[in-house]
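The values are calculated or read from the model by the stated rules, or taken from the named source; none is laboratory data. Owing to the predicted nature of the structure, the values given are computational and were not obtained by experimental measurement. A quick note on method: Cβ atoms are made from the backbone with ideal geometry, for glycine too, and the neighbour counts reach across all protein chains shown.
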Amino acid sequence: MDMPDPDATQSAARPFAPPRRISLHTTDAAQFRHELRHYFESTFDCYESLFRTLACDAAWYEPPITLRHPLIFYYGHTATFFVNKLLLTRLIDTRIDPQLESIFAVGVDEMSWDDLDDRHYDWPTVAAVQAYRDKVRALVVRLIEHAPLTLPVDWDNPWWTIIMGVEHERIHLETSSVLIRQQRLDYVRPQPEWPACRDAGPAPANALVAVPAGHVELDKSFDSARYGWDNEYEHHAADVPAFQAARLLVSNGEFMEFVTAGGYADDSWWDEEGRNWKHYAKATHPTFWVPDGNGWRLRLMTQEVPMPWNWPVAVNDLEARAFCAWKAAQSGMPVRLPTEDEWQRILAVSGWQYSAEQPADANLYLEHWASSCPVDRFQHGAFCDVVGNAWQWTQTPTYPFEGFRTHPIYDDFTTPTFDGQHDILKGGSWIACGNEAEPESRYAFRRHFFQHAGFRYIVSDTTPSAPPSRYETDGLVSQYIEFHYGPEYFGVANFPQALAGLAAAAVGNGPRHTALDLGCAVGRASFELARHFDHVMGVDFSARFIDQGVLLARGDSLRYTIADEGELVEYRAVKLAELGLQAVAHKVAFSQGDACNLKPQFTGYDFILAANLIDRLYDPAKFLHAVHERLNIGGILMITSPYTWLVEHTPREKWLGGFKKDGESWFTRDALKALLSAHFEAVGEPREVPFVIRETRHKYQHTLSEVTLWKRQR
């Protein structure tokens, strides 16, 4: 498309667009299996169709931006997600391809805008990843058709995992489309199933619409008929004062006024975070605007077109905030971004409602175009584009509703964003499908992040305060913080500190270059080991845990609550400096990982600590068979465990000990000798190290962990 056609206003056919929703309350098993298979396969097909816009091999392997993985990662990642989560719910018990599933398991996306990742990855071929996706597709279809099914499907039902996998892929459908939009233009090509809107023209005039004061109440229950992510559930209520809101999303034409006025050159319109990003990025205009002589073109997903001034501008949150500051000065009115609650009031006043029977009355669900469209095309009451066309930035940092809890098989979906640095977007974009398109969805991104996102400004005399967003009250995380960094109880020495002392003694005069702390939890042992080793890597399966170590390492104070009595809690805080550990923090790094399926780069260590880990693994024998590959010859492996074998962590058939074998008692120590003898020699005799975990003011766990040391011989 060289020139948008103003007369071509009809929506393109979208035969591949996946279904909008699936009902979790279907009571007919055959119908549910049929609907879920269509939901899954249509999403899988749509995702693969998106990647057919890549025009050459380089497009797969050269990252579109330095802060993200190349697109080949995201092509494999969504398939691996199914396998990893199905294993956790035990709908399957075997991996498809452990090597690929290690590579594609966790994608470390951008955190800060200057957080560069220059590590090298040996990515597989596109053909290999496609073959892997084909196997995952067959696996999931087989489960949908034949696995035991109990209806309805709710939060605790193992089939929730399949729906979670579909919704996860729909999220990456959108985020991958943004990366494709950021890829080199000669690396992509238009595809007929991804047509852009051809309706373009001058920008319409915007205007303010009065929104009366009102009450917002959200109350999504865990037995809802619609799938949701953890931060959508439970109760939230707020009274919202009256305000005025822009009738339209800010168009390219309206934003051009800010650009022409020198808005990018004038630091006074930008807050500190915005100024830092702007100078770092050398931004002088919106990222997707392309200078064209004396005019502008717009970069879409696979092409550049003459600037459609009546489409919504695509900017990050920092740019939207700067525009509002400039607009306030020009108009003399208190202009700002809406809060999440104010957006809900706009939605309520607009009268927009979902209709399953009618075509989408919004540029949503991939039912119209593979691009935005004019900001006045879809009218919703007195407003336009209350939902759809482009996401709308709010000024609300994401936070948990009352009653928030994480899902046990994806405990780090939302919790890493409870940091005051991720702002909520509302309304969905042209490619938002499934849960993304629900008005109750609560997606949040860092303020420098690019999505298919724009904004609508409001005018209000109120200055809302940000809700508390730091999530520090999770019971398990808080208990581990207290265990690692809290005071000693009953004269029992700090457990991670004691293990580090034993490690130093065991290594003696041997090499002390690198150490690996597997199952590092919230990181105390990693920091203690750094007193004795040059470099320490802490690895844990839970991002919630390692996030605490990352915060401490950068010098932050870690604030947390611990149970006191009943509903009463105690508030505590800790800093590494108070423990004499800040001086060694620079030697410690943390990474999320599965001890039974570690990435290849975790190798070459002089010492490995596996503290209270083996009886929490889903396949401890697999870990023990392979751990020598991570350790240098002559290196020391320390295993500590109370040998508390529980089926909720380890399937009964995978226990190492604690049962009768050939009529005799078989202990875990016996299994360790049998499994490690091929590569290790035991060092000294086992010893018991006590530890105490505080549950409440009056309840503590006192446990003995057996410590065994093993030296790699071959």
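Does the range 474-502 hold any residues that are among the hydrophobic types (A, V, I, L, M, F, W, C) and either out of contact with any Leu (no Cβ under 6 Å at 6 or more places or on another chain) or not assigned by TED's automatic domain parsing to the domain that holds V588 (or both), and which are they?
L476, V477, I481, F483, F490, V492, A493, F495, A498, L499, L502
Does the range 336-347 contain any residue that is farther than 24 Å from P467 by Cβ, of a type outside the set (K, R) and modelled with pLDDT of 95 or more?
no
Hand me the list of strands (runs of 3 or more DSSP E) wholly inside the range 645-699 holding 3 or more residues that are surrounded by 11 or more Cβ atoms within 10 Å (Cβ to Cβ).
Counting at least 3 such residues, we get 680-696.
Select, from V315, V259, V305, the only residue that is assigned to a strand (DSSP E or B) and either at pLDDT 95 or above or outside the structural domain of S429 (by TED's automatic domain parsing) (or both).
V305
Which numbered condition in (1) over 30 Å from L298 (Cα atoms); (2) touching a strand residue (DSSP E or B) at 6+ places or on another chain (Cβ under 7 Å) is the only one that A444 fails?
(1)
Yes/no matrix, rows are residues, columns are (1) farther than 24 Å from L425 by Cβ; (2) aliphatic (A, V, I, L, M); (3) surrounded by 17 or more Cβ atoms within 10 Å (Cβ to Cβ):
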site: A205; (1), (2), (3): yes, yes, no
site: L218; (1), (2), (3): no, yes, yes
site: W229; (1), (2), (3): no, no, yes
site: H236; (1), (2), (3): no, no, yes
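Could you count how many residues in the range 131-173 are touching a residue at least 60 places away in the same chain (Cβ under 8 Å) and surrounded by fewer than 18 Cβ atoms within 10 Å (Cβ to Cβ)?
Within the range 131-173, residues that are touching a residue at least 60 places away in the same chain (Cβ under 8 Å) and surrounded by fewer than 18 Cβ atoms within 10 Å (Cβ to Cβ) number 8.
May I ask you to list pairs of residues, at least six apart or on different chains, whose Cβ atoms are under 7 Å apart, with the first in the range 56-68 being farther than 21 Å from A127 by Cα and outside the structural domain of T287 (by TED's automatic domain parsing) and the second being in a helix (DSSP H, G or I) and not hydroxyl-bearing (S, T, Y)?
These pairs meet every condition: I65/Q182; R68/L179.
Filter the range 22-46 down to residues that are buried (at least 20 other Cβ atoms within 10 Å of the Cβ) and either assigned by TED's automatic domain parsing to the domain that holds R133 or in a helix (DSSP H, G or I) (or both), then give me how many there are.
7
Considering each of W352, W326, W369 in turn, give the residue that is over 19 Å from P464 (Cβ atoms), touching a strand residue (DSSP E or B) at 6+ places or on another chain (Cβ under 7 Å), surrounded by fewer than 24 Cβ atoms within 10 Å (Cβ to Cβ) and touching a residue at least 24 places away in the same chain (Cβ under 8 Å).
Only one candidate qualifies: W352.
Please count how many residues of the range 700-714 are crowded, with 18+ Cβ neighbours inside 10 Å and without any contact (Cβ under 8 Å) to a residue 60 or more places away in the chain.
0
Quick check on my filter: what residues within the range 508-548 are part of a helix (DSSP H, G or I) and either aromatic (F, W, Y) or modelled with pLDDT of 95 or more (or both)?
R524, A525, S526, F527, E528, L529, F545
Which residue out of L551, L558, L568 is buried (at least 16 other Cβ atoms within 10 Å of the Cβ) and free of Cβ contacts under 8 Å to residues at least 12 places away in the same chain?
L551
Only one residue in Q130, Q191 is in contact with a helix residue (DSSP H, G or I) (Cβ under 9 Å, 6 or more places away or on another chain) and either in the same structural domain as F413 (by TED's automatic domain parsing) or not in a helix (DSSP H, G or I) (or both). Which one?
Q191
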